[in-house]
Amino acid sequence: MKKNLLLLVNQLYGGGAQKVIGQLSIGLAPYYNVILVIYNDVHKIDFPYEGNLVRIQLPYSISTKNNSFLKRSIRSLILIRKIRKLKQVYNIEVCLSFMEASNFVNILSAGKEKVILSVRSYLSHEFEDHPRLRIFKLFIRLLYNRADQIVVPAKLVQHDLVHHFGVKKEKTAVIYNFIDPDFTRKQKMEAIPEHLETIFGTGPVLVNIGRITSPKAQWLLVPALKKVKKKFPEAKLLIIGEGLLQHKILSSAAAHQLKVYIEGVSSPDHQMQSYDIYLAGFITNPYPYLKRCHLFVNVSVYEGFPNVLLEAMSCGLPVISSDCRSGPREIISPSDNIFSTAGEIEFDEYGILIPVADLQKVDQDTYAGTIAVAAVSLLNDIQQMDHYRLQSLKRAAHFEKKATLLQWRDLIEQQ
């Protein structure tokens, strides 16, 4: 008999956590009766999934910014009651939730089922970035040790929970995100729009994927591109993602006299090659773009575990990443040392690490120079590029689906 497994997440669009839980539902569906529950915008689905999808309608806005404390509390109480009822109706034996709001609901709706939480971000930095979320720190201290298990995607996230939030280490387990090589292979073969196809082929294309938000800090790439273009005049920057801080990229581009194409706003024409920066918006399948690019550059201020690094590496793309907390060092320079080191450019085993920017203090021109030095060093050395292409493929193979799913299944089956 298959166990009844409930997966709880806010939505199936947006970020890496939502994408991962969708992938997890597909991987676990052959072994469990999967019930996947979402409760934010229940009509918008960007990521594939398997199982019985249950959409929970709640009152008021899905954005906490638009709701008073009273309305947020009412939404939470209704959600807890509905999840508790669902657990009873479906005779749930294990409930796995992703991210803090869902984790709180999972614990507070608990009956006899096994409760597994998954923390997806380096929470100390996230709460600094979003002061309205700092009350979560109290809830984490009060509630998380009541869970049966807490899964994190990186060792630094585990360290953060234990040392800054009072979570018992024995409650935690590190399970990295995974890459499905068969799925990736098929995704890479898909065509891309003809007008975007034309941007590839003349000069090197640097690519970044992620929501355009403060933690991702993509605007730091604009002055870096300007410096790269001094050596490679035809170099371009492709950003796949959307977000409220797109204006910072546009402002920086104007200041550096770089021409920007915005998908859905600019008119595609035969002059596509004349742009320097391409804002492609959200794209469900980034793989056909990644395989056409030359270099992936990540400048995140903090992460949980950057799926996009694995996606790029699985396409044989050399990677440059900020040495932020957490994830990049564990992917690019795996060792017993999970903490940042001297703050210099590191040519490591599987890619290049650069210092992480302090957005409150960083001199953007100086930091752009660091990014550009790393990028030009790679692009200027064919042998080094080929070396890191092979190393990317080799490292991505360490995160393939089969072994990771075994870890999840072992965790679910533990008594």
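The values are calculated or read from the model by the stated rules, or taken from the named source; none is laboratory data. All figures in this text were calculated on a predicted structure; none of them were measured in a lab. Please note: Cβ atoms are built from the backbone with ideal geometry, for glycine as well, and neighbour counts cover all protein chains shown. Keep in mind that these areas ignore ligands, DNA and RNA; they rest on the heavy atoms of the full protein, side chains included. Shrake-Rupley method; radii C 1.70, N 1.55, O 1.52, S 1.80 Å.
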In the range 81-106, what residues are part of a helix (DSSP H, G or I), more than 23 Å from Thr172 (Cβ to Cβ) and open to solvent by 20 Å² or more (accessible area, probe 1.4 Å)? Arg81, Lys82, Arg84, Lys85, Leu86, Gln88, Val89
Given the structure, is Ser214 among the hydroxyl-bearing types (Ser, Thr, Tyr), open to solvent by 60 Å² or more (accessible area, probe 1.4 Å) and either more than 29 Å from Ala191 (Cβ to Cβ) or not in a loop (DSSP other than H, G, I, E, B) (or both)? no
All conditions in (1) part of a loop (DSSP other than H, G, I, E, B); (2) open to solvent by less than 60 Å² (accessible area, probe 1.4 Å); (3) farther than 23 Å from Met272 by Cα; (4) of a type outside the set (Lys, Arg) are true of Ile192 except (3)
With the checklist (1) at negative phi; (2) in contact with a Lys or Arg (Cβ under 9 Å, 6 or more places away or on another chain); (3) of a type in the set (A, V, I, L, M, F, W, C); (4) in contact (Cβ under 8 Å) with a residue 60 or more places away in the chain in hand, flag the one item Met99 doesn't pass. (1)
Looking at this structure, is His247 over 22 Å from Val308 (Cα atoms) and more than 24 Å from the chain's Cα centre (by Cα)? no
Among the residues of the range 352-371, is any over 25 Å from Ser252 (Cβ atoms) and of a type outside the set (Gly, Ala, Ser)? no
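Out of Val151, Val157, Val167, I need the residue that is part of a helix (DSSP H, G or I), at pLDDT 95 or above, out of contact with any Cys (no Cβ under 8 Å at 6 or more places or on another chain) and crowded, with 17+ Cβ neighbours inside 10 Å. Which one?
On inspection, the qualifying residue turns out to be Val157.
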Starting from the range 44-61, keep only residues that are of a type in the set (Phe, Trp, Tyr), then list their pairs with residues that are open to solvent by 70 Å² or more (accessible area, probe 1.4 Å) whose Cβ atoms are within a distance under 7 Å, requiring at least 6 positions of separation or different chains. Tyr60/Lys71
One residue is enough: does the range 384-398 have a residue meeting the conditions open to solvent by less than 40 Å² (accessible area, probe 1.4 Å), closer than 28 Å to Ala255 by Cα, at pLDDT 95 or above and small (Gly, Ala, Ser)? no
Check Gly51 against each of (1) over 30 Å from Asn285 (Cα atoms); (2) open to solvent by 30 Å² or more (accessible area, probe 1.4 Å); (3) in contact with a Ser or Thr (Cβ under 7 Å, 6 or more places away or on another chain); (4) not hydroxyl-bearing (Ser, Thr, Tyr) and name the one condition it does not meet. (1)
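So that you can scan it fast, the table gives a plain yes or no per residue for (1) touching a His at 6+ places or on another chain (Cβ under 9 Å); (2) within 27 Å of Arg325 (Cα to Cα); (3) of a type in the set (Ser, Thr, Tyr):
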site	(1), (2), (3)
Phe183	no, no, no
Pro193	no, no, no
Thr198	yes, no, yes
Val205	yes, yes, no
Val222	yes, yes, no
Search result, residues across the range 262-278 that are in contact (Cβ under 8 Å) with a residue 60 or more places away in the chain and surrounded by 16 or more Cβ atoms within 10 Å (Cβ to Cβ): Glu263, Met272, Tyr275, Tyr278
Scan the range 19-35 for residues that are surrounded by 14 or more Cβ atoms within 10 Å (Cβ to Cβ) and either more than 21 Å from the chain's Cα centre (by Cα) or farther than 30 Å from Arg134 by Cβ (or both) and jot them down. Gln23, Ser25, Ile26, Gly27, Leu28, Ala29, Tyr31, Tyr32, Asn33, Val34, Ile35
Restricting attention to the range 167-192, and to residues there that are closer than 25 Å to Glu330 by Cα and among the acidic types (Asp, Glu), which single residue is nearest to the chain's Cα centre (by Cα)? Asp180
